[in-house]
Amino acid sequence: MEAKKTILKDCYILEPNVFGDQRGYFLESYNKKQFDALIGGDVNFIQDNESFSSKGVLRGLHFQSGEYAQAKLVRVTQGKVLDVAVDIRPHSQTFLKHISVELSSENKKQLYVPRGFAHGFIVLSDTAVFNYKVDNWYNKASEGGIIYDDETLNIDWVLKKDQLVISEKDKVLPTVKELFK
């Protein structure tokens, strides 16, 4: 596996070694020892999650705060998404900067999103299966988010606004200005 630094401090794109032949392919999607060495840390993932979504579904931008903050290792096992990570650590050099990475079953890339980041994705294919590991338990009282179309962040979600499918909960998330008064 290879880790590529992004413009966001501590956030990495991971590309596994894929071994293919006439039967198909094999890859190692996660190896704790290798992963920790690549990112220069010690992350203890405790839960795997999966979501299935249709084209245009936008989930995010979400985060867990305080003692329930979560790091994520995300990948797509079917379809294609545009994955977005936003640094919301106030004292970070890359505070309020974001990256967008296409993750797909074809490119097999993964994104490591450290604690202190907001995260979201939009489905670009007809359907997508999105898998992610987290290093902390979910806590409803600690969940937060930023509205997907925040002007400060100016994220290009690729699809037109009338193509987006967004939950009622995500439509009323605060802006960056409201969150960081």
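Below is a table of values for the structure above.
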quantity: Neighbourhood net charge (12 Å Cβ-Cβ; Lys/Arg +1, Asp/Glu -1) for residue 19; calculated: 0
quantity: Backbone N within segment 119-135 under 12 Å of label point (7 Å from residue 54 Cα along the Cβ vector); calculated: 126-128
quantity: Value at 222 nm in deg cm²/dmol, rounded to 500, when DSSP H runs of n ≥ 4 in the chain each add -39,500 (n - 2.57); calculated: -2000 deg cm²/dmol
quantity: Full-stretch length increase - residue 106, residue 42 - with 0.36 nm per residue and alpha-carbon distance subtracted; calculated: 20.2 nm
quantity: Candidates per GluC sites (Glu not before Pro) in segment 112-180, loop by DSSP, up to 16 other Cβ within 10 Å; calculated: 151
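Each value in this text was obtained by applying a stated rule to the coordinates, not by laboratory testing. The structure presented is a predicted model; accordingly, all values stated were derived computationally and were not measured. No Cβ is skipped: glycine too gets one built from the backbone with ideal geometry, and neighbour counts run over all protein chains shown.
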